[in-house]
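The values are calculated or read from the model by the stated rules, or taken from the named source; none is laboratory data. Owing to the predicted nature of the structure, the values given are computational and were not obtained by experimental measurement. Every residue, glycine as well, gets a Cβ built from its backbone with ideal geometry; the counts of neighbours run over all protein chains shown.
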Amino acid sequence: MRLKVLLPVLLIVLAGVRPAAAAPPLFTLHEVGPGVWAAISPDGSKAGANTGFVIGEDGVAVIDSFQNVDAARELLADIRQRTSLPIRFVVNTHYHLDHMIGNGVFAAAGAVIVAHRNVRAWAHTENLKFFGPSPTAANRALVNGIVLPSLTYDDGVDLYLGNRELIVRHMLGHTGSDSVVVIPDAHVVFTGDLLWDRHLPNLIDASTKPLLRSLDALATQYPSATFVPGHGNVAHLPDLQAFRGYLAFLRAQVADGLATGKRGQALVDALAPAFRSQYGTWGFFEHFLTPNILQTAAELQGKKRLPGGRVN
Ligand SMILES: [Zn+2]
């Protein structure tokens, strides 16, 4: 069961697993507001996750840095095609390696890495779990090589690129280290992995109840925003509500299944058809359905282990 949970991440991390002929582009760039760019990474790309950047009056801020140094270098080159202003900040939306491995590329270009304090606390330890119970020396070196944030916060921080403001705020739900980055003058919100657009999410570290509250807060505060999710395409309120609907469905179905006494694979087998009929077309469905059900069952039973040794 543990290997099944890890497999999707490993498939994404290990570049050589895919047939070369089918290799998708690392990412595609979309200008989602004036000087605000989303880098959308297609499923199966070795870039691994979405990122983006904001060009301000006197500098650039980058949001997340991919799970792959080549993708980070390509993003830096794309930024350099658009501006010669300094890269001043990288904000990591959470500690998962698919959002952090490229940090060093931007740190070397002069950026300060900024994130919630738990990103710094967990990046070199909790990321090892994505390689199973016995990470190789190369896996350990990859994780230990992640450039950590040098500026951390508890609740949030406001960053300024001249007069251009970025509001960075900690929100609960995906890992305990998550933040959103709001660019008010462009009505854009980078959500990190608090939002997955039409994809089943990785819930390995998630607490779905506070996650639902965070999604509701985003919907209330930014109903007309353009959302850049951690995975999937650029999104808007109906997409956020669809993701919220999935999580609410998941919690309700798992609670009903547990109430009938089913556990483990029997629980998954009983619930899978209803999920398939409603969400079978979503990305990562085959990868994440079983772990989503089992991890939510653990959460609802108060047995889920969370980063930092907490139990949900
Ligand atoms: Zn991610």
Given the options Y95, Y153, Y160, name the one that is within 21 Å of N68 (Cα to Cα) and of a type in the set (S, T, Y). Y95
What are the pairs with Cβ atoms under 9 angstrom where one residue, in region 204-232, is over 23 Å from A38 (Cα atoms) and the other, located anywhere, is acidic (D, E) and in a helix (DSSP H, G or I)? Sequence gap at least six, or different chains. D205/E126; A206/E299; S207/E299; T208/E299; K209/E299
Quick one: R80 ticks every box in (1) under 22 Å from T175 (Cα atoms); (2) loosely packed, with under 14 Cβ neighbours inside 10 Å; (3) over 18 Å from the mean Cα position of the chain (by Cα) bar one, so which box is it? (1)
Could you look through region 103-135, keep only residues that are free of Cβ contacts under 8 Å to residues at least 40 places away in the same chain and within 14 Å of the ligand (Cβ to nearest atom), and pick out the one that is surrounded by the most Cβ atoms within 10 Å (Cβ to Cβ)? A123
Cross-chain or 6+ apart pairs with Cβ under 8 Å, region 188-200 first and closer than 16 Å to N92 by Cα, then among the charged types (D, E, K, R) and buried (at least 24 other Cβ atoms within 10 Å of the Cβ): F190/D64; G192/D64; G192/D178; D193/D178; L194/D178
Checking A274 against (1) exposed (fewer than 13 other Cβ atoms within 10 Å of the Cβ); (2) in a helix (DSSP H, G or I), the condition it does not meet: (1)
Positions within region 57-69 being in a loop (DSSP other than H, G, I, E, B) and more than 11 Å from the ligand (Cβ to nearest atom), in sequence order: E57, D58, G59, S65, N68
Meets criteria (within 16 Å of the ligand (Cβ to nearest atom) and small (G, A, S)) for G162: no
For residues that are surrounded by 15 or more Cβ atoms within 10 Å (Cβ to Cβ) and of a type in the set (A, V, I, L, M, F, W, C), tally how many sit in region 250-271. 7
Residues (in contact with a Phe, Trp or Tyr (Cβ under 6 Å, 6 or more places away or on another chain), of a type outside the set (A, V, I, L, M) and in a loop (DSSP other than H, G, I, E, B)) located in region 184-218: R198
Expected output for region 162-178 (first residue touching a residue at least 40 places away in the same chain (Cβ under 8 Å) and on the phi > 0 side of the Ramachandran plot, partner part of a loop (DSSP other than H, G, I, E, B) and acidic (D, E), Cβ below 6 Å, 6+ apart or cross-chain) is G162/E57; G162/D58
Just checking, does region 158-168 include any residue being in contact with a strand residue (DSSP E or B) (Cβ under 6 Å, 6 or more places away or on another chain) and either among the basic types (K, R) or closer than 15 Å to H96 by Cα (or both)? no
If you check I55, I63, which single one turns out to be surrounded by fewer than 20 Cβ atoms within 10 Å (Cβ to Cβ) and modelled with pLDDT of 95 or more? I55
Return the pairs, sorted by first residue and then second, in which the second residue is in a helix (DSSP H, G or I) and charged (D, E, K, R), the first residue lies in region 65-83 and is closer than 19 Å to G230 by Cα, the beta carbons are less than 6 Å apart, and the residues are 6+ apart or on different chains. Q67/D98
Which ones in region 42-56 are touching a residue at least 60 places away in the same chain (Cβ under 8 Å) and within 14 Å of the ligand (Cβ to nearest atom)? D43, A49, N50, G52
